[in-house]
Structures are given as structure tokens and as C-alpha cells.
1. In percent, how large is the relative contact order of the stretch 5-103, given Cα pairs closer than 8 Å and 6 or more residues apart?
2. In whole Hz, with x marking every Gly and Pro, tabulate ³J(HN,Hα) for the stretch 313-325 from phi via Karplus 6.51 cos²θ - 1.76 cosθ + 1.60, θ = phi - 60°.
3. Out of all DSSP beta bridges in the stretch 5-103, what portion is antiparallel? Express it as a percent rounded to 5.
4. Under a 1.4 Å probe, what is the accessible area of the chain per residue, stated in Å²?
5. Taking springs between alpha-carbon atoms closer than 10 angstrom, which of ALA138, ALA63, ALA246 fluctuates most in the Gaussian network model of the chain?
6. Do you know the relative contact order of the stretch 68-160, to the nearest whole percent, from alpha carbon pairs under 8 angstrom that are 6+ apart?
7. Would you mind getting me the FRET efficiency between ALA184 and ALA322? Use the beta-carbon distance for r and R0 = 25 Å, nearest 0.05.
8. Under 5 Å between amide hydrogens, which residues at least 5 positions from GLY95 or on another chain qualify, with H placed 1.01 Å from N in the peptide plane?
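The values are calculated or read from the model by the stated rules, or taken from the named source; none is laboratory data. The structure displayed is predicted, hence computed values, not measured ones. As a convention, Cβ positions derive from the backbone with ideal geometry for all residues, glycine included, and neighbour counts pool all protein chains shown. Ligands, DNA and RNA are stripped out before the accessible areas are found, and what is left, the full protein with its side chains, is counted by its heavy atoms. Shrake-Rupley method; radii C 1.70, N 1.55, O 1.52, S 1.80 Å.
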Amino acid sequence: MLQLSGFAQVDNLTANSRPLLLRLIDASMAERHINLEHDACLFRGGSLLGGFDRIVTFEAHRAEIERIARDKQLVVLPDHFGYLGGGDVIRVVPGRNAIRVLFRVTASANYFLLTERCNHYCLMCSQPPKDIDDRWLAAELQELIPLLPVSTPFLGLTGGEPTLLGDDFFRLLSATHIRLPDTAVHILSNGRAFQDFEFALRYARIGHKHVSLGIPLYSADPEVHDYVVQSKGAFDETVKGILNLAALGQKVEIRVVVHKQTCEGLLELSEFIFRNLTFVDHVTFMGLEITGFTRANMDKIWIDPIEYRQELRSAVQFLASAKMNVSVYNHQLCVIDPSIHRFAKKSISDWKNEYLEECGNCSRRDQCGGFFSSSKLARSEHIAAFR
């Protein structure tokens, strides 16, 4: 697992200045000095690129850089951040010497938290909602977007509930459309805001051809869905939102987190989707991430995936036979039925993806999705390597 935040030695930066976004520039990059306010030279020893006021380096090169660039603004990172490279973007908070990696060119997926506010209180929420003013998150992303490579293949926007940002939500989407027109943008939303047709229309009018929404639907029974998200009436509003988006030709993915409250109804949910929401672009069945509210509600939601193996197989096979695009995320190949292995994806973000000791000699490890780093708190008792 990669460490994305920590502390650094920061020299010659004003302690009370606001957080800085720094794009790391190294000799391999063809484009340089595009944004001098945010660009910093990434130093790994040897000759120093000229023209930079700010230098970012690592502990291993501290003595060398202090000798040749004593008058520069320096950010010296612990060596475990050595995975950073040209084009990556970090946030530096000078007063606290705190750093956070915001964007990695080589990441399998870069996701951005837009807000911690939400109108759901899901039993298994991995990002428990907070009723706070965190508009700075959207403002930071607005500042970050111009620093990203035009070739960026994918960006994810998540929360909380991103649509609660209102105007800021639409401003961010417009910025990605203008700056990154060929980048796939995936938004995780509960979909309820789109029950308002005018809201859905405003979203559609941005015109981003590669934007899609991942919207959760946990059961064909409205009471079960509303219980899981802890919000009465949520099912009806979510389905209406999906229908409005479909009427406007927008891309929608339905996400189903599988746990004790949802596993028995998977086939019925698949049938509901086929009958009523056949137009959706993708349906994903997702395993639990053992973090956030999941830890507090383990007795209500944790179940060994082997116990719902047949239900998951039936749901996936039903949608596949109906020619719908279906996938299985966050599951290990050894706990799902072999007949649906071809639908399993390596979906866990690389910075929090791990494998167990017993996976070391597995002949199918490269095809398996592995585990969340939090899975040490609960995992299937039936993990076994393929030979």
C-alpha cells in the first residue's frame, strides 16, 4: 500500500502562507514552466533543472540539494514517497509541514473527494458524512485541474454527495470538459438530486461526452434500499433520477454493494434492473471495504462472500444473459463461482490494494482483484491459492 500523506521538511516557505499545490517537473517531461506558480523541480540527484524557485526532493538527496540550492524553497520528502514522478501533484501546507499526494500520473485511478456532506447515512459508508463547510475541496480541485496532463485517462469524483455542491458541482464539470475533454470522468452519487429534471438537464447541457454517474441501488424492495442508506424515500428519488438521466441520454452505472442486508435479493434486483432500467451502461456488484461505518455495523452487514456465492452467480448470469454490461468488483477469484470469473475486475485503487501471504504462490494472482488494506479486520475464511 502506498502512503499518500505525511510530513516533510519545508525550508524558505512562509509558514503562514496558504496550502500550495506543486506539480513535479523532471527532465523526462517535454513541457516545462507552463505554470510557474505551481511548478517545482523534482530532484533525484545529479544536475539541477534551471529556472525553478521551488525544489522537491527526498531524504536521500537532502545533503546534496542543500549544498547546491541553499537559496531555493525546498520540500524534502521522506524516502517512502520515492514513487512520485514527473507530472504528479502534491499539496504542501507550510505551517504544518504536512503534505498530501493529490494526483499521480501512473495511478490506475485518481479519485477526488469533493465534500464530506451527504444526505445518506449508509450502513457501510467508507467516508462517514460530516455536516461541515468544506467548499475548499472543490476550490482546490478547480486549481488542480489545469495542472493535469491533457492525456489523463480517468478522473473520479466522490464524496459525501457531490451534487450537494450545487453551482460548484457544475463549475467543476465544466472545467473538466474544457481542460480535459478526452478524459473519462466518473462521479459517485446517490442520484437523488437528478429527480429534479432541471438539475438533470443542467448536468446534461455541460456536454461532456465522457462523463458518467455511478449510482447505488441496493434492492428491488424500496424498504430495504431505504434502510441500507438510512433515508426514507431514497429509493423512489434515486430511480426517478436515473430515469431522468436516461431521458437526457446520460451514462449511468448502477452500483450494488453486496453484504448481509442485500445479498439475498440480488437476483430480484437484477430482474428489476432488466425490466425497468435496461438502458443503464453498466451494473457492478461490489464487495465491502472494511472502513468507516462498516466497522461500526459489522454485525449488521458483514458476511463471508462464500455464503452469497450462488446468489451473486445467479444475479450476474441473469444480467449477462440479457446482454447487459455487468462486472464484479472488490472480490477475490477464489470466493466467487468460477462461472463468473470473467466478470471479475481488478477494481481496488492501487494505493490501498494488498494480497495475503497465501496469495503469494497463486497462479491467478495477476487476474485477481486482491484485498483492500482494511481487509485485515474481516476476510473470507475460504481464501485459497490457485495452483
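1. About 42 percent, as a whole number.
2. Taking θ as phi minus 60°, the curve returns 4, 5, 5, 5, 5, 4, 5, 5, 5, 8, 6, 8, 7 Hz for the stretch 313-325.
3. The antiparallel proportion sits near 60 percent.
4. Result: 45 Å² of accessible area for each residue.
5. Evaluated over the chain, the most mobile residue of the options is ALA63.
6. The normalised contact order for the stretch 68-160 reaches 29 percent.
7. Efficiency, from the Cβ-Cβ distance: 0.50.
8. SER17
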